[in-house]
Amino acid sequence: MTVTAQQMANAIRALSMDAVQAANSGHPGMPMGMADVATVLYTKYLKYDASAPKWPDRDRFVLSAGHGSMLAYATLYLSGYAKPTIDDIRNFRRLHSPCAGHPENTELEGVECTTGPLGQGLAMAVGMAIAERHLNAEFGDELVDHRTWVIAGDGCLMEGINHEAIGLAGHLGLGRLVVLWDDNKITIDGATSLSTSEDVKARFTAAGWHVESCDGHDFDDISRAIDAALADDRPSLIACKTLIGKGAPNKQGTSATHGSPLGAEEVAAARTELGWTSPPFDIPDDVLQAWRNAGRRSDKAKIDWENRLSANAKKDELNRRMKGDLPDGHAMADYLAGLIANPAKVATRKASEMALEAITAVLPDLVGGSADLTGSNNTKTKSTLPFSKTNYGGRYIYYGIREFGMAAAMNGMALHGGIIPYGGTFLVFSDYCRNAIRLSALQRQRVIYVMTHDSIGLGEDGPTHQPVEHLLSLRAIPNLTVFRPCDAIETAECWALSLKNDGGPSLLALSRQNLPQLRGDADMKSARGAYRLKAAENARKLVLIATGSEVELAMKVAEKLEDDGLGADVVSMPSWELFDAQDSPYRADILPVETLKVSIEAGVTLGWERYTGSDGLNIGIDRFGASAPAEALFDHFGFSVEHITSRIQARLES
Ligand SMILES: Cc1ncc(C[n+]2csc(CCOP(=O)(O)OP(=O)(O)O)c2C)c(N)n1
Ligand SMILES: [Mg+2]
């Protein structure tokens, strides 16, 4: 007897309810509700090869409703991916099982991105769809021709970020993006009518999307809706009307199935309801075989693609791009040599643009952009033409005022591969995209954040625009490398280090105001995170540690102290994270125990004790800024040679 789609879908249901029951934790409702839609997708539409999870031209599938992680684990196992194994699923949510509570890209190859923070999966999928069109423009239909599919829940479509994401996707005409909405009208608190009366479909239509509806439990109707989506050249939303927890006879359709085990009794009742007689974690051979066949559906497509790749002149370049290797080149060395010959007194945001001019000219992987602050973030270069519906070959994205959407889209591009995304906004608005920055770090993606106007030095725009706590709060994110360069040389070095940092995101905090060039060497000193910019001339009494725009001030303070006979080192510390990674002799040499250590940074002082110790002095700003010209503000907040030297002298005398 041939296996039916219903039996295949029920295999997802059984694995989901049994794994959640065994873990005594998890979310059975979503995978049981969307099992039928997922079965249609995996057995008829999705282009993938379970034996080659990283095939570059595979379709990308994003489970934006990440709490339904068992849907991902079940489909991966059933369709024949090497991981997860059935034992991994048995150990769902246990320590060291790759079947984590929410899907993590670092745990399983078939998981394209880490989801769980609602809305961000959809926004990352937009980035993946951008990457696909861009690489298609560069490498052609023969090599890049795939789709991006998303399963999103009511929650994903309520979070504000979804609106940023769909606005961008509609504007860019990303017609190869299909969102399957689990339209079950239930969230944790109960019916969606408790909190929303929005016409979601009208909103998507207004954003330039094609919208379909279907009965999410009718296999033919699901296929009909997907066919309609594929025939339309706009991005598509398919509202799949479903029953959350479908198959659990007493609990389906209620929020009780959302995030708790069904309970032994209800699991038994669901077995009867579904006609599922196998014990937990046991899939009947014929059902498993049908799934495994589905997992090989694209075998021929993949072999044909490999043949086309072998015959294609761009083969090596595509392989390099997808691996994320940087090409050999001297663009940065030549640029640095130019700076040494002709020192530049420019804002570090301008220095970043100068470095980018050199790098973007030789590194096609870089796709830049800004959240409507292009002229302030200095992110656009001559080589990066606008990316648009009519020119997907462009390398500059006008994200509009969508910081969170931009950051998530950059994650999607990096995850897709072939692209190194960078994007800008004001440092103070890093908070608007903070959870996506966190996901760049968690997902270990090379995303480069260009955050300008990095202190009170931006002046007149005032405290709403002046970052104070931001450097500290960003440094608190694990696996994010924060750079605050002090001049044009360090800025170039920090760009080079960001490009090399392929295991995580980097963030460049850049000044609005001009800064003198303090270095005359190209020794890549920023790679150490902190280094001695100036050694004490008199007997060393103290070490001044500064970052970014305050390094110039530290040099002046040191000069004054030396005039008074006090020896002072100046340490420039563009990156805490890289300094912390140095060996202890190096760190001890830069920050010797016996000296007074003084930090100078135009931000909160919290955290600097790590380097200055409990006896140190921390010059910073532990309150909000004010609206005034930058020079007046620095003076007002005590960032003057006179004020700092007198505080140091008082401390040394006490
Ligand atoms: C940004 C964010 N906020 C809150 C949560 C907690 N949370 C997880 S699922 C959920 C409800 C989601 O509802 P829906 O998407 O409709 O999922 P369903 O109940 O239908 O499975 C919430 C609030 C989260 N994961 N992410
Ligand atoms: Mg729901």
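Structure notes:
- Cα shape, segment 540-651, gyration tensor, a/c 1.5 rule: oblate
- Measuring nothing but protein heavy atoms, the accessible surface of the chain at 1.4 Å probe radius is 50 percent carbon and sulfur.
- Taking the longest Cα principal axis of the chain as reference, the axis of helix 5-23 is set at about 50 degrees.
- Kirkwood Rh in Å, taken over all unlike Cα pairs in segment 95-244: 16.2
- Relative contact order (%) - segment 244-337, alpha-carbon pairs under 8 angstrom, separation at least six: 14
- A straight line joining the Cα centroids of segment 286-328 and segment 394-466 runs 31 Å.
- Rounded to whole numbers, the Karplus 3J(HN,Hα) couplings from phi for segment 309-321 are 4, 4, 8, 9, 5, 8, 3, 5, 5, 5, 4, 4, 4 Hz, using 6.51 cos²θ - 1.76 cosθ + 1.60 with θ = phi - 60°, and x at Gly and Pro.
- For segment 86-172, the normalised intensity computed at q = 0.15, 0.23 Å⁻¹ comes to -0.69, -1.08 (log10 of I(q)/I(0), Debye sum over alpha carbons, equal scatterers, no solvent).
- Within-15-Å neighbourhood charge of VAL62 [Cβ basis; K, R +1; D, E -1]: -2
- In this structure, the amide hydrogen of VAL211, modeled 1.01 Å from its nitrogen in the peptide plane, lies closer than 5 angstrom to those of LEU237, counting only residues at least 5 positions away or on a different chain.
- Only DSSP H runs of four or more residues enter the estimate; each adds -39500 (n - 2.57), and after division by the residues of the chain the mean residue ellipticity at 222 nm equals -12000 deg cm²/dmol.
- Comparing ALA268, THR75, TYR398 along the charge dipole axis of the chain, the residue lying farthest to the positive side is THR75, per the Cβ-charge model.
- For segment 144-176 versus segment 597-652, the inter-centroid distance based on Cα atoms is 45 Å.
- Couplings 3J(HN,Hα) for segment 39-47, derived from phi with the Karplus relation 6.51 cos²θ - 1.76 cosθ + 1.60 (θ = phi - 60°), are 5, 4, 4, 6, 9, 10, 10, 4, 8 Hz, where x marks Gly and Pro.
- Along each principal axis, taking the top coordinate minus the bottom one, the Cα set of segment 209-291 gives 46, 34, 17 Å in descending order.
- Set LYS350/LYS556; LYS350/LYS525; LYS201/LYS314; LYS314/LYS525; LYS47/LYS314; LYS44/LYS315 screened for pairs whose C-alpha atoms are more than 32 Å apart: LYS201/LYS314; LYS314/LYS525
- Using every pair of distinct Cα positions in the chain, the Kirkwood expression returns a hydrodynamic radius of 26.5 angstrom.
- Taking amide H as placed 1.01 Å from N in the peptide plane, the amide H of GLY119 sits under 5 Å from that of CYS156, each at least 5 places away or on another chain.
- Annotation note: GluC sites (Glu not before Pro) in segment 468-545 located in DSSP loop regions with a Cβ neighbour count of at most 16 within 10 Å are GLU469, GLU537.
- With a cut-off of 14 Å between beta carbons, the residues surrounding VAL178 carry a summed charge of 0, where Lys and Arg count +1 and Asp and Glu -1.
- Computed over segment 158-260, the ratio Rg/Rh where both radii use C-alpha atoms and Rh is Kirkwood: 1.01
- Here's how it looks for ARG395: its modeled amide H is under 5 Å from those of LEU385, PHE387, which are all 5 or more places away or on a different chain.
- For the chain, size of Cβ-based charge dipole, Lys and Arg +1, Asp and Glu -1, in debye: 640
- Counting DSSP beta bridges with both ends in the chain, the antiparallel % (nearest 5): 10
- Ordering ALA333, VAL362, SER195 by the projection of their Cα atoms onto the charge dipole of the chain, which places +1 on the Cβ of Lys and Arg and -1 on the Cβ of Asp and Glu, puts VAL362 at the extreme positive end.
- Karplus-derived 3J(HN,Hα) values for segment 179-187, using 6.51 cos²θ - 1.76 cosθ + 1.60 with θ = phi - 60°, are 10, 9, 8, 6, 7, 9, 6, 10, 10 Hz; glycine and proline are entered as x.
The values are calculated or read from the model by the stated rules, or taken from the named source; none is laboratory data. Keep in mind the model is a prediction, meaning the values are calculated, not measured. In this analysis, Cβ positions are derived from the backbone assuming ideal geometry, glycine residues included, and neighbour counts consider all displayed protein chains. In case anyone asks, the SASA skips ligands and DNA or RNA and just uses the protein heavy atoms, side chains included. Shrake-Rupley method; radii C 1.70, N 1.55, O 1.52, S 1.80 Å.
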